[in-house]
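Written out below as structure tokens is the structure these notes cover.
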Amino acid sequence: MIFFKGRKFLTLFLSISIFISCSSDDDNSVIHGDPVFEGQLVWVKTFGGSNEDDAIDIVEANDGGYVVLGFTNSIDGDITGKTNPDQDYWLLKLNQDGDKIWDKTYGGSQNDQATGLSKTNDGGYIISGYTSSFDGDVSENAGFQDYWIVKVDNQGIIQWEKSFGFIGQDQAYKVIPTTDGGYFASGTLQVGEGGSNGEGNDIVNEDQNLRGGQHSLGDFWGIKMDANGNKIWRRYFGGTQADLNKDVIETDDGGFLLVGISDSPDFDISNAIGADDFWVIKVSAIGEKVWEKSYGGLETDRAFSIARTDDGNYLLTGESRSLGEDISNPKGGGDIWIIKINASNGAILWEKSFGGTEFDTSRGIKNLGDGSFAIAGSSRSTGGDASNNYGANDAWFLIVNEDGTLEYETTIGGSDIDFGNDVMGTSANEIVFVGSTLSSDFDITLNKGNKDILIFKMK
């Protein structure tokens, strides 16, 4: 595949495409294949009300439409069935043209923060996040914030919901279906005083017993559940500082890779490098630690997303402000940083930085199934790898191949703050990107309120 960088090539490419298409109509020897990504913006949509609304994740529905997960503080506009201005989970079903089919909100009388969405084998969806509520849709809350996992059918109707946590800040960031028919939820557990005080670990060793009585700002916390959301086992990993899990993927052996950020130099962390590091821990199907690795430089490096590669290894993406150590070619004040790691031991196979002179970051990465990967991020830069910037911050969409070569990039946004959170490739070989916007100009023709969900499609 050949990709073009930025908008300035689109007119030429489309003109060539039209010529070829017209010529082919008279040619019986046309070879039909999968559509090639053209870098064409199909549509841009915003959804929201008069308050703050944001999109976090997106999956493709069985009918070819899209299901978008976000959260909302609005009670008007595109939000239906919500009467309290607290923050709730917000789920939207869209058709292929980006028109809303239905929407649902979930939560109680306090703030409920959605963080991740996965499609389930029965055609429904499972949602991760955390809640401060103890009423409404939330049946149980043990403390300030709990993991809140919500299973819904293909119409967004709640089938079951589960809360997990203690008296502190416990935040789920991803829940995934597992090959055994159950689910795995991961996020961050406040372990020390004011939190679980050492509880939350069904596999206990000397290190965990020691850390339980010490101050811990947060540990990676994984919970294995059955098909109905009942706990099978739970396990936390980390050190005495802040260790924040952001994503998880099931491995081929039924175990899990938990990905996120570590500021700890001790206990489960063996090779801390800088202030914050990418941190990955491999656990077995029964929650035993297999290996762990830290990646980065001497400054702040934060991992947010993971994707499996076609050769059985993994790509991690996030942001880096470091120079040296694992980072070989920084571009500016903060860059998108992507590393490819070996599945068996976590060794770095390659690393790449993308950005300009200002701050650039990524939040999501997805395998497109053709040897390339789509990345959702944002950019404050003009120049460098970013072809354009309209304002304070633009949503930034990139495609890289499995060697880390940049094949395509473009920014979408206006003169205010626009941000990218997730991206996916569709069965029609199109790409849909979600995030948020405060803009009402340039690419953003309509703003419903303070901050809106931003969705755009490309082909």
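Just so it is clear, none of the values below were taken in a lab; they were calculated from the coordinates. From a predicted model like this one, the values you see are computed outputs, not experimental measurements. Because the Cβ atoms are built from the backbone with ideal geometry, glycine has one as well, and the counts that use them run over all protein chains shown.
Where the centroid of each part is defined by its Cα atoms, how far is segment 415-441 from segment 302-348 in Å?
The two parts, judged by their Cα centres, are 22 Å apart.
Of Lys174/Lys331; Lys104/Lys162; Lys82/Lys151; Lys82/Lys246; Lys151/Lys448, which pairs sit farther than 21 Å apart, going by alpha carbon to alpha carbon?
From the list (Lys174/Lys331; Lys104/Lys162; Lys82/Lys151; Lys82/Lys246; Lys151/Lys448), the Cα-Cα distance tops 21 Å for Lys174/Lys331; Lys82/Lys246; Lys151/Lys448.
In Å and on Cα atoms, what radius of gyration and Dmax does segment 47-458 show?
20.0, 58
Please give every one of the aspartates and glutamates within straight-line cross-link reach of Lys282, meaning a C-alpha to C-alpha distance under 16 Å, and leave out same-chain neighbours fewer than 8 residues apart.
Filter leaves Asp219, Asp243, Asp247, Glu250, Asp252, Asp253, Asp268, Glu292.
State, as an integer percentage, the relative contact order of the chain based on alpha-carbon contacts under 8 Å between residues 6 or more apart.
13 percent
On a full-extension model of 0.36 nm per residue, what is the gain between Gln40 and Ser328, subtracting their alpha-carbon distance, rounded to one decimal in nm?
Between Gln40 and Ser328, full extension yields an extra 100.4 nm.
Within segment 234-318, report the trypsin sites (Lys or Arg not before Pro) that DSSP leaves as loop and that have at most 13 other Cβ atoms within 10 Å.
none
What's the angle, to the nearest 10 degrees (0 to 90), between helix 10-24's Cα axis and the longest principal axis of the chain?
Helix 10-24 sits at roughly 60 degrees to that axis.
Using a 7 Å offset from the Cα along the Cα-to-Cβ direction at both Ala347 and Glu288, what is the distance between the two label points in nm, to one decimal?
Between Ala347 and Glu288, the label points sit 2.4 nm apart.
Summing +1 for each Lys or Arg and -1 for each Asp or Glu, what net charge is found among the other residues whose Cβ lies under 10 Å from the Cβ of Ala395?
-3
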